[in-house]
Amino acid sequence: KLWDALTGDELHSFEHKHIVRACAFSYVGLNCLSIGILLLNLSYNLSHRPASNACVMHIEKLFLMDTHFLLTGGIEKILRIFDLNRLDEQPRQVDNSPGSIRTVAWLHSDQMILSSCTDTNGVRLWDLRSGKIVQTLETKSPVTSAEVSQDGRYITTADGSTVKFWDANHFGLVKSYDMPCNVESASLEPKHGNKFIAGGEDMWVHVFDFHTGEELGCNKGHHGPVHCVRFSPGGGSFASGSEDGTIRIWQTSPVTHDESDLLGSEPSGKVKAVADEVARKIESGLHIGGEGKTGDTDKATDA
C-alpha cells in the first residue's frame, strides 16, 4: 500500500496474490520536499501482530528522493515493477526468481536490481534490459538484508552471523565481519561511511567501525529480535524495527553546521508547519518503548 506521510491517507493499493516481503522505491535526484510519501509494507497489521518482514523507511528532516518506480517481491517468486506515474497500469514482471523473495533494491541508476531469496544463498543482480541474472554474490547463508550505499559504492548484506560489504561496481567482496549473533539487517552510515549498524536475534542494535569491525556501541531497548535497521539519509539517526511491534529511532550525533546548511536557511512557516505535523503524527502513530541504552558514541532517543 502507498500512504501519504502527512495525512495518513491511503493513496493506492498494489495488488499481489501472496505475501509481499520486500519493496523499494527507485531514486532519481535528491530534493528537499515539504510533503512526501511513506511506504510501509507489513506482513501483518502492527496493531495486532508484529510484522516480521516490515520494510522500515526512516525519513529525516523531510528529505526524500524523486521516485518513478516501485519494486516489490515476495512469496510468489515474482519481481514486480510498478510505474508510480501510471498507477492503473499493469506492472512489469520478472518471474524467474529461484525462490521466494526476501529483499530487493535498485542499483546503478535503476538499470539493475538486486534480490535475495528466503531459502537460497546469495544475492542475485538482474539486468532490467534483458530481465536476466547477470551476477550472483555468493554467501554461506540466505541473505536477509541488502542495501546499496547512498554514494553507490557498496552493497551491504547480512547473512547468518555475517555482515559483508561488496563493491557495487565490480561486485567483489570488500569486507566481511562476524557478528556476535545471527543478524537480520545491517546498514552503512551514508554520510561518511565510517560505521555501520546491525540488528538481529539478541534484540540489540550494534554499532561497528566500518574499517576495523570493532564494536563502538550497543543500543538496548527492544524486547524481541530486531528485523530491520536503516540509517537516515543524513546519518544523524537510525531506525530499528523489532518483533516486539515497535520502531525505535536512535540519535547518533547532534545536527552539525554542515547539515544545517544542507537544509538551507530558516524554513518558511508552511514548511515548518508540515514538519511539525509529520512529527506529531509519527509520535501518535508509532509505539516507542521507554528504556534505551547505548555506547559512548550514540545517543538513543524516543520519537
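None of the figures in this text is laboratory data; all of them are computed from the coordinates on show. Please read these numbers as outputs of a predicted model, since none were measured by experiment. As a convention, Cβ positions derive from the backbone with ideal geometry for all residues, glycine included, and neighbour counts pool all protein chains shown.
Brief remarks follow.
- Residues listed by number, the range 157-173, amide nitrogen under 12 Å from V134 label point at 7 Å toward C-beta: 169-171
- Pairs with C-alpha atoms separated by more than 32 Å, drawn from the list K77/K140; K77/K220; K1/K175; K1/K132, are K77/K220; K1/K175.
- Amide H to amide H, with H built 1.01 Å from N, Y154 comes under 5 Å of S149, A168, counting only residues 5 or more places away or on other chains.
- Residue-span extension gain [S176 to I75] - 0.36 nm each, minus C-alpha spacing: 33.5 nm
- Label separation (D127 vs E89): 2.3 nm, computed from points 7 Å beyond Cα along the C-beta direction.
- Given their separation in residues at 0.36 nm each and the Cα-Cα distance between them, N96 and E214 gain 38.5 nm when the chain is fully extended.
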